[in-house]
Amino acid sequence: MAQILTLVYGFVAYAVFLGAFLYAIGFVGNIFVPKSIDSGATFPLMETLVTNVLLLTLFAVQHSVMARPAFKRWWTRIVPKQIERSTYVLLASLILLLLFWQWRPITGVVWDARSTMLGVLLLGLFGVGWLIVLLSTFMIDHFDLFGLRQVTLYFQQRPYTPVSFVTRGLYKIVRHPIMLGFLIAFWATPVMTLGHLMFTVITTAYILVALQLEEHDLLEAHRQTYERYRRETPMLIPLPTGKRKPAPVHEKV
């Protein structure tokens, strides 16, 4: 029974993540969803700013703190190891859904390129950014990243072994293609409102800080191998840095 419940829990957590991920595309892009980044009732400016900052801070704290090895060692004394990742994914997804629900739009347009070729280009880049995010998860191990591998192995009564990743695909170009995809998707919009700009600036700052924490963890885990990979491969901007060699890399932020 425990194996069945664990498997169901993992797949429910993944389903919630998938729903949050798909809604995020519509939310940021102002497409296909009832409540987007620029829609909904307006509120007094100070209330709007405080609410939006608190929502983004809640996500940032949960997303980064629960990903740290020290927290995982403490957390798995309470939560079984086989559902630790699924629980992380579930909580992150629920906080995202809360953010989408409670986000306050801020009117005022920074740029509007909808009637120009630039607008078409930005819309295309928006789609490319989300595609990079999705494809990058499969270039490491999508199912381990979102907890399905852990609960499936437990259901099969097989021990969990950490996945060894090598640089493949986009990981040969930049060290963090998932984060690069998010940055492209957040900034590439035909219409940039003040509310969208606030969201994008804060999430960009968070990504840059979170990557420093992630880099520290990766160096602790892989030592010289990751140090070489870091020297040979840029973090986010795909610029040539000389000959690169395959190296283990794990991106769980």
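The values are calculated or read from the model by the stated rules, or taken from the named source; none is laboratory data. None of these values were measured; they are calculated from a predicted model. Because the Cβ atoms are built from the backbone with ideal geometry, glycine has one as well, and the counts that use them run over all protein chains shown.
Is it true that GLN3 is touching a helix residue (DSSP H, G or I) at 6+ places or on another chain (Cβ under 6 Å), assigned to a helix (DSSP H, G or I) and more than 29 Å from ASP217 (Cβ to Cβ)? It is true that GLN3 is touching a helix residue (DSSP H, G or I) at 6+ places or on another chain (Cβ under 6 Å), assigned to a helix (DSSP H, G or I) and more than 29 Å from ASP217 (Cβ to Cβ).
If you check ILE78 against the conditions, is it without any contact (Cβ under 8 Å) to a residue 12 or more places away in the chain and farther than 23 Å from GLY181 by Cα? Answer is yes for this residue.
Examine the range 62-85 for a residue that is touching a Leu at 6+ places or on another chain (Cβ under 7 Å) and within 23 Å of THR200 (Cβ to Cβ), and state whether such a residue exists. Among the residues of the range 62-85, at least one is touching a Leu at 6+ places or on another chain (Cβ under 7 Å) and within 23 Å of THR200 (Cβ to Cβ), which makes the answer yes. The set of residues in the range 235-253 being small (Gly, Ala, Ser) and either assigned to a helix (DSSP H, G or I) or modelled with pLDDT of 80 or more (or both) is empty.
Taking the condition within 24 Å of LEU183 (Cβ to Cβ) and either in contact with a Ser or Thr (Cβ under 7 Å, 6 or more places away or on another chain) or among the basic types (Lys, Arg) (or both), does VAL109 pass?
Numbers: within 24 Å of LEU183 (Cβ to Cβ): yes; either in contact with a Ser or Thr (Cβ under 7 Å, 6 or more places away or on another chain) or among the basic types (Lys, Arg) (or both): yes.
Against the criterion (within 24 Å of LEU183 (Cβ to Cβ) and either in contact with a Ser or Thr (Cβ under 7 Å, 6 or more places away or on another chain) or among the basic types (Lys, Arg) (or both)), VAL109 qualifies.
If only residues of the range 1-20 that are without any contact (Cβ under 8 Å) to a residue 40 or more places away in the chain and within 19 Å of the chain's Cα centre (by Cα) are counted, the one that is farthest from VAL79 (Cα to Cα) is LEU18.
Only one entry of LEU213, LEU180 meets the criterion of being touching a helix residue (DSSP H, G or I) at 6+ places or on another chain (Cβ under 9 Å), over 28 Å from VAL109 (Cα atoms) and not charged (D, E, K, R), and that entry is LEU213.
Here's the yes/no breakdown for (1) of a type in the set (D, E, K, R); (2) at pLDDT below 95; (3) touching an Asp or Glu at 6+ places or on another chain (Cβ under 6 Å); (4) over 27 Å from LYS81 (Cα atoms):
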{"position": "TYR171", "(1), (2), (3), (4)": "no, yes, no, yes"}
{"position": "LEU183", "(1), (2), (3), (4)": "no, no, no, yes"}
{"position": "VAL201", "(1), (2), (3), (4)": "no, no, no, yes"}
{"position": "ALA210", "(1), (2), (3), (4)": "no, yes, no, no"}
{"position": "GLU215", "(1), (2), (3), (4)": "yes, yes, no, no"}
{"position": "LEU218", "(1), (2), (3), (4)": "no, yes, no, no"}
{"position": "ARG230", "(1), (2), (3), (4)": "yes, yes, no, yes"}
{"position": "THR233", "(1), (2), (3), (4)": "no, yes, no, yes"}
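Of all residues in the range 126-145, those that are modelled with pLDDT of 95 or more and either surrounded by fewer than 16 Cβ atoms within 10 Å (Cβ to Cβ) or closer than 22 Å to GLN3 by Cβ (or both) total 5. Inspect the range 75-87 for any residue being outside any helix (DSSP H, G or I), touching a Gly at 6+ places or on another chain (Cβ under 6 Å) and among the hydrophobic types (A, V, I, L, M, F, W, C) and give the result as yes or no. No: zero hits.
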